[in-house]
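Q: Sending over a structure as structure tokens; questions will come in a sec.
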Amino acid sequence: MNLVFENIGKVYKETVALNRVNITMSSGVYGLLGPNGAGKTTMMKIMTDLIPPSTGRVLLDGQDIRAMGADFRKKLGYLPQDFGVYPNFTAEQFLLYIARLKGLSRFEAKRQTDELLVLVGLQEKARSRLKGFSGGQKQRVGIAQALLGDPELLVLDEPTAGLDPEERIRFRGILSGLSQQKTVLLSTHIVSDVEAIANQVILLKKGSVLDVKRPSEYLKEIEGRVWSVTVPAQREAELVKKYPCSNIMHTDGKSVVRLLSHERPTPDAEPLSPNMEDMYVYYFGRNTELQ
Ligand SMILES: Nc1ncnc2c1ncn2[C@@H]1O[C@H](COP(=O)(O)OP(=O)(O)OP(=O)(O)O)[C@@H](O)[C@H]1O
Ligand SMILES: [Mg+2]
């Protein structure tokens, strides 16, 4: 499968939400990372044909998705960011309902519903009404409904929001167990999720794609630019003002600051190996003149 964003732009009244996005995705898990308002949800809504782009096209294996209609929707699983459920449905009823909407036979709808309830750990809640579900449990129902019909293309808008750490790990497992043939696009603010799940990371800033590459390639790029500096607490503000910082720890009146700098920031600064949080701060931090 090959999915191409060709010169995609989106303007809402005065807001430019996306600006000439050109990317090509093949199979694998793509992590979409960017601050609030970067345009992630907009990109996903265009990719799922929920809203039209202002410019450009999305092509699936060379075909414009807008012209594919039901053929496209059959291949698609989508978890919206503001996933709402029918409060009076049970988890099972809800999944059966969505399965039927997706065109699955009664038999197949039941088989997949049972299987997915187990997969997301909700088999014991199958007959409970959704209005009594916690945020994380609803999110798991949302993940299950996106997987109905075994779609080739999965678009998940902040799928791990509201999941506790154990559930997040389970979710990572579900994703890595999916067929290698699928194309998965998932947005998240949880940088460690991206590192653990994504083969490729798309960085989106103010509606523009900054880069698309593997987590390890991002890390390589900032190799030698991450430092630990220990200073008396009163000097912390000075450092924070001058450098993008990815962590600050306080001990015995001292501040241990993890920061990004091309040059050794102080004579006694210690070099550190980079992680994805450093990468995030490097691209999106308050102080990003480094790039
Ligand atoms: N329906 C709309 N009408 C007007 N402006 C909108 C609409 N939807 C989004 N926007 C604007 O477009 C920009 C991108 O929004 P979008 O929801 O795509 O960001 P996001 O990256 O998903 O953010 P978040 O991390 O908060 O979910 C924002 O400036 C937002 O205010
Ligand atoms: Mg969003």
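Q: Would you mind putting 78-86, 35-43 in packing order, based on average other-beta-carbon counts within 10 Å, highest first? Before the final figure, lay out the partial values.
A: Values: 78-86: 15.2, 35-43: 19.2.
The peptides rank, most packed first, as 35-43, 78-86.
Q: Could I ask something else about it? Are there GluC sites (Glu not before Pro) in segment 191-291 that DSSP marks as loop and that have at most 14 other Cβ atoms within 10 Å, and which are they?
A: Sites meeting the loop and neighbour criteria: E223, E263, E289.
Q: Can you check what the Kirkwood hydrodynamic radius comes to for segment 117-227, Cα pairs only, in Å to one decimal?
A: For segment 117-227, the Kirkwood estimate is 15.7 Å.
Q: Something else: In a GNM of the chain with a 10 Å cut-off on Cα contacts, which of A233, A269, A144 has the highest mean-square fluctuation?
A: Judging by the Gaussian network model, the answer is A233.
Q: Please compare each pair in K102/K213; K110/K182; K13/K102; K213/K241 to a cut-off of 26 Å on the Cα-Cα distance and tell me which ones are over it.
A: K102/K213; K13/K102; K213/K241
Q: Evaluate E = 1/(1 + (r/R0)^6) for D252 and E223, where r is the Cβ-Cβ distance and R0 equals 41 Å; express this FRET efficiency to the nearest 0.05.
A: Rounded to the nearest 0.05, the efficiency is 0.85.
Q: Right, here's the next one. Taking amide hydrogens as modeled 1.01 Å from N in the peptide plane, which residues meet the under 5 Å criterion relative to G149, leaving out close sequence neighbours?
A: HN-HN under 5 Å from G149: empty list.
Q: Name the lysines eligible as straight-distance cross-link partners of K10: C-alpha to C-alpha under 21 Å, and not fewer than 8 places from it in the same chain.
A: K40, K45, K205, K206
Q: If I take every Cα pair under 8 Å that is 6 or more residues apart in the chain, average their sequence separation and divide by the length, what percent do I get for the relative contact order?
A: 20 percent
Q: I want to check the label-to-label distance for E263 and R235. Put each point 7 Å from Cα in the C-beta direction and report it in nm to one decimal.
A: Using points 7 Å along Cα→Cβ, the separation is 1.6 nm.
Q: Then there's this: Cα centroid distance between segment 227-252 and segment 262-282, in Å?
A: So the two Cα centres are separated by 12 Å.
Q: With a cut-off of 8 Å between alpha carbons and a minimum separation of six or more residues, what is the relative contact order of segment 134-291 in percent? Could you put the intermediate results ahead of the total?
A: On the way: 216 pairs, mean separation 28.7, N = 158.
The value is 18 percent.
Q: Would you calculate the volume per residue, in Å³, of the smallest convex hull containing every Cα atom of segment 8-48?
A: With only Cα atoms used, segment 8-48 gives 75 Å³ per residue.
Q: Hey, what does the equivalent ellipsoid look like for the chain, semi-axes from the Cα gyration tensor as sqrt of 5 times each eigenvalue, largest first, whole Å?
A: 39, 24, 16
Q: Sorted by average packing, counted as other Cβ atoms within 10 angstrom per residue and highest first, what order do 88-97, 7-16 take?
A: For the peptides 88-97, 7-16, the packing ranking is 88-97, 7-16.
Q: Hey, rough spin-label estimate for A70 and R214, points 7 angstrom out along Cα→Cβ, what's it come to in nanometres?
A: So the two model labels end up 4.2 nm from each other.
Computed from the coordinates by the stated procedures, all read-outs in this text should not be read as laboratory data. Quick caveat: nothing in here was measured; it's all calculated off a predicted structure. Note that each Cβ is placed from the backbone with ideal geometry, even for glycine, and that neighbours are counted across all protein chains shown.
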